[in-house]
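Novice: Okay, handing you the structure first.
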Amino acid sequence: MPFLGCLAIMLYSVIFRQGLHSASIFGFYGPYVFIAYSGVILSFLTGTLWSQARLSQHVSLAKNAIIFSNLLALMVWICLLIIYISPILTITAVCLLMAGFLALLYCEYFLAVEEDANYRSMRVRLTAVVCMTHVAVITLMLMEL
């Protein structure tokens, strides 16, 4: 896996593990830190989708991918807002972020400018790890209710 992918996964693991051992990370509620980090990473990835869409030769697919990347970025923003309303909406935010990662991977599959099996394999592995941490956080939050 490229360096940035490994670094992102390491940070997910550290944030998740710290959240397991205490109610706060640097004075913040653990799931909020996880959601914020997840939102930032998903926002970065929507930027890569935008970039791939610009290089695509399928005009209508590219336009849809750009709109989709904007919708994902707005969803991240909404997730960061709804966590303060109720615990159930905090769990909903984690679910939405996980769905965003899966949807982004699905969209990238159809928009692939260059067929790079190594990149695709890396993205699938990284997304699987990210989704597993999201499921674990959801489970822990449900146990807190």
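The values are calculated or read from the model by the stated rules, or taken from the named source; none is laboratory data. Quick caveat: nothing in here was measured; it's all calculated off a predicted structure. A quick note on method: Cβ atoms are made from the backbone with ideal geometry, for glycine too, and the neighbour counts reach across all protein chains shown.
Novice: Do we find that Leu105 is modelled with pLDDT of 90 or more, part of a helix (DSSP H, G or I) and either in contact with a Ser or Thr (Cβ under 8 Å, 6 or more places away or on another chain) or of a type in the set (S, T, N, Q) (or both) in this structure?
Specialist: Details: modelled with pLDDT of 90 or more: yes; part of a helix (DSSP H, G or I): yes; either in contact with a Ser or Thr (Cβ under 8 Å, 6 or more places away or on another chain) or of a type in the set (S, T, N, Q) (or both): yes.
Criteria met by Leu105.
Novice: Shifting gears a bit: I'd like to verify a number: residues in the range 44-74 that are farther than 30 Å from Leu7 by Cβ and not hydrophobic (A, V, I, L, M, F, W, C), how many?
Specialist: Pass one, the range 44-74, residues farther than 30 Å from Leu7 by Cβ: 57-61, 63-64.
If we keep only those that are not hydrophobic (A, V, I, L, M, F, W, C) too, we end up with 57-58, 60, 63-64.
Residues in the range 44-74 being farther than 30 Å from Leu7 by Cβ and not hydrophobic (A, V, I, L, M, F, W, C): 5 in total.
Novice: Just a yes or no: is a residue in the range 9-17 charged (D, E, K, R), at pLDDT below 95 and more than 17 Å from Thr139 (Cβ to Cβ)?
Specialist: At the first step, the residues of the range 9-17 found to be charged (D, E, K, R) are 17.
If we keep only those that are at pLDDT below 95 as well, we get 17.
This time we only want the ones that are more than 17 Å from Thr139 (Cβ to Cβ), so: none.
Checked the range 9-17: no residue is charged (D, E, K, R), at pLDDT below 95 and more than 17 Å from Thr139 (Cβ to Cβ).
Novice: Which is part of a helix (DSSP H, G or I) and surrounded by 13 or more Cβ atoms within 10 Å (Cβ to Cβ), of Leu81, Leu74, Leu142, Leu45? Write out each step before concluding.
Specialist: Numbers: Leu81 fails: surrounded by 13 or more Cβ atoms within 10 Å (Cβ to Cβ); Leu74 fails: surrounded by 13 or more Cβ atoms within 10 Å (Cβ to Cβ); Leu142 fails: surrounded by 13 or more Cβ atoms within 10 Å (Cβ to Cβ).
Among Leu81, Leu74, Leu142, Leu45, only Leu45 is part of a helix (DSSP H, G or I) and surrounded by 13 or more Cβ atoms within 10 Å (Cβ to Cβ).
Novice: Now for a separate question. Based on what the data block shows, is Tyr32 at pLDDT 85 or above and outside any helix (DSSP H, G or I)? Even if it seems obvious, please write down each step before you answer.
Specialist: Values: at pLDDT 85 or above: yes; outside any helix (DSSP H, G or I): no.
Against the criterion (at pLDDT 85 or above and outside any helix (DSSP H, G or I)), Tyr32 does not qualify.
Novice: On to the next question. Can you name the residue in the range 18-29 that is at pLDDT below 80 and not in a helix (DSSP H, G or I) and is also nearest to Arg120 (Cα to Cα) among such residues?
Specialist: First, the residues of the range 18-29 that are at pLDDT below 80: 18-26.
Applying the additional criterion that residues be not in a helix (DSSP H, G or I) yields 22-26.
Working: Ser22: 35, Ala23: 36, Ser24: 35, Ile25: 33, Phe26: 35 Å.
Only one residue fits best here, namely Ile25.
Novice: Is it fair to say Phe101 is over 19 Å from Leu11 (Cα atoms), in contact (Cβ under 8 Å) with a residue 24 or more places away in the chain and out of contact with any Lys or Arg (no Cβ under 7 Å at 6 or more places or on another chain)? Before you say what the answer is, go through the steps one by one.
Specialist: Numbers: over 19 Å from Leu11 (Cα atoms): no; in contact (Cβ under 8 Å) with a residue 24 or more places away in the chain: yes; out of contact with any Lys or Arg (no Cβ under 7 Å at 6 or more places or on another chain): yes.
No, not satisfied.
Novice: Would you pick out the residues in the range 91-139 that are of a type in the set (D, E, K, R), surrounded by 13 or more Cβ atoms within 10 Å (Cβ to Cβ) and farther than 19 Å from Leu72 by Cα? Walk me through how you get there before you give the answer.
Specialist: The initial filter retains those residues of the range 91-139 that are of a type in the set (D, E, K, R), namely 108, 114-116, 120, 123, 125.
The next check asks that each one be surrounded by 13 or more Cβ atoms within 10 Å (Cβ to Cβ); those that pass are 108, 120, 123, 125.
Those that are of a type in the set (D, E, K, R), surrounded by 13 or more Cβ atoms within 10 Å (Cβ to Cβ) and farther than 19 Å from Leu72 by Cα: Arg120, Arg125.
Novice: Here is a follow-up. Quick one: Leu55 ticks every box in (1) modelled with pLDDT of 90 or more; (2) surrounded by fewer than 19 Cβ atoms within 10 Å (Cβ to Cβ) bar one, so which box is it?
Specialist: For Leu55, the exception is condition (1).
Novice: Now for a different question. Using the structure shown, decide if Leu97 is closer than 18 Å to Val137 by Cβ, at pLDDT 90 or above and either under 14 Å from the mean Cα position of the chain (by Cα) or outside any helix (DSSP H, G or I) (or both).
Specialist: Numbers: closer than 18 Å to Val137 by Cβ: yes; at pLDDT 90 or above: yes; either under 14 Å from the mean Cα position of the chain (by Cα) or outside any helix (DSSP H, G or I) (or both): yes.
Yes.
Novice: Only one of Ser69, Ser38 is at pLDDT 85 or above, touching a helix residue (DSSP H, G or I) at 6+ places or on another chain (Cβ under 8 Å), in a helix (DSSP H, G or I) and farther than 14 Å from Val130 by Cβ. Can you tell me which? Don't jump to the end; show me each part of the working.
Specialist: Details: Ser38 fails: farther than 14 Å from Val130 by Cβ.
After applying the criteria, what remains is Ser69.
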